[in-house]
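Engineer: Right, I'll just put the structure down here and ask away after.
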Amino acid sequence: MGRNDNSEKITQLRPDSQVRKLKSRQRKFKEVHRVRRNRIIAGFLVLFLLLGFQLVVTHARTKKVEQQVATNKTSLAQVKSNNKKLREKRDDLKDSDYVAKLIRYKYKYTKANEKVYNVNEQGDDKK
C-alpha cells in the first residue's frame, strides 16, 4: 500500500503531450537556426565570390593599362628622338653654308664658271 499511495501522490510535471510539443519546438528552432546559418554562409560566399571576381578583373585591367603605358613610353621615346633629329635638321637648314654644301653634294649644283673635278679617294675604287 505504501507504494501505491506514493505513486498517487506523485504528479508528472510535464505530460507526454507537453514533452512532444517541446521536442517539436526544439526541432523547429534547430531547423530555423540551421536555415539561417546556411543563408548567412551562402551570403558571405556570394559576397566573397563577387569581391574576388572584381579583384581579378581589376588586376587584369591594371596589367593592361601598365602594358599600354610601357608601349606609349617606347613610342614617346621614339617620337622624342625623331623630334630631336628634325630640330637639328631644321637648325642646320637655317645655316646658309650648310645648305650650299648640301645642294652641291646632293644635287650636283655648281656656281657660274665653276669647274668640278672628281677625285677618287682610296675607299671609292670601283672595278
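Engineer: Please determine whether any residue of the stretch 91-98 is touching an Asp or Glu at 6+ places or on another chain (Cβ under 8 Å), at pLDDT 90 or above and part of a helix (DSSP H, G or I).
Structural biologist: Within the stretch 91-98 (the criterion being touching an Asp or Glu at 6+ places or on another chain (Cβ under 8 Å), at pLDDT 90 or above and part of a helix (DSSP H, G or I)), the answer is yes, since at least one residue qualifies.
Engineer: Go through the residues of the stretch 18-34 one by one and say whether even a single one is out of contact with any Pro (no Cβ under 7 Å at 6 or more places or on another chain), surrounded by fewer than 10 Cβ atoms within 10 Å (Cβ to Cβ) and at pLDDT below 95.
Structural biologist: No, because not a single residue in the stretch 18-34 is out of contact with any Pro (no Cβ under 7 Å at 6 or more places or on another chain), surrounded by fewer than 10 Cβ atoms within 10 Å (Cβ to Cβ) and at pLDDT below 95.
Engineer: Give the residue, chosen from Ala112, Ala70, that is surrounded by 10 or more Cβ atoms within 10 Å (Cβ to Cβ) and either outside any helix (DSSP H, G or I) or not acidic (Asp, Glu) (or both). It would help to see each step written out before you state the result.
Structural biologist: Numbers: Ala112 fails: surrounded by 10 or more Cβ atoms within 10 Å (Cβ to Cβ).
Selected residue: Ala70, the only one of Ala112, Ala70 that is surrounded by 10 or more Cβ atoms within 10 Å (Cβ to Cβ) and either outside any helix (DSSP H, G or I) or not acidic (Asp, Glu) (or both).
Engineer: Please determine whether any residue of the stretch 75-82 is open to solvent by 80 Å² or more (accessible area, probe 1.4 Å), without any contact (Cβ under 8 Å) to a residue 12 or more places away in the chain and in contact with a Leu (Cβ under 9 Å, 6 or more places away or on another chain).
Structural biologist: no
Engineer: Restricting to the stretch 99-108, give me the number of residues that are modelled with pLDDT of 85 or more and more than 57 Å from the chain's Cα centre (by Cα).
Structural biologist: Going through the stretch 99-108 one residue at a time, the tally reaches 0.
Engineer: Inspect all residues belonging to the stretch 85-98 and state whether any of them is out of contact with any Lys or Arg (no Cβ under 9 Å at 6 or more places or on another chain), loosely packed, with under 10 Cβ neighbours inside 10 Å and of a type in the set (Asp, Glu).
Structural biologist: yes
Engineer: Kindly indicate whether Asn83 is more than 30 Å from Thr110 (Cβ to Cβ), over 26 Å from the mean Cα position of the chain (by Cα), part of a helix (DSSP H, G or I) and of a type outside the set (A, V, I, L, M). Working first, answer last.
Structural biologist: Details: more than 30 Å from Thr110 (Cβ to Cβ): yes; over 26 Å from the mean Cα position of the chain (by Cα): yes; part of a helix (DSSP H, G or I): yes; of a type outside the set (A, V, I, L, M): yes.
So Asn83 fits the description; yes.
The values are calculated or read from the model by the stated rules, or taken from the named source; none is laboratory data. What you are looking at is a predicted structure, and each value in this text was computed from that prediction instead of being measured. Cβ atoms come from the backbone with ideal geometry, glycine included; neighbour counts cover every protein chain shown. The protein model used for the area step is the full one, side chains on, heavy atoms only, and it has no ligands, DNA or RNA in it. Shrake-Rupley method; radii C 1.70, N 1.55, O 1.52, S 1.80 Å.
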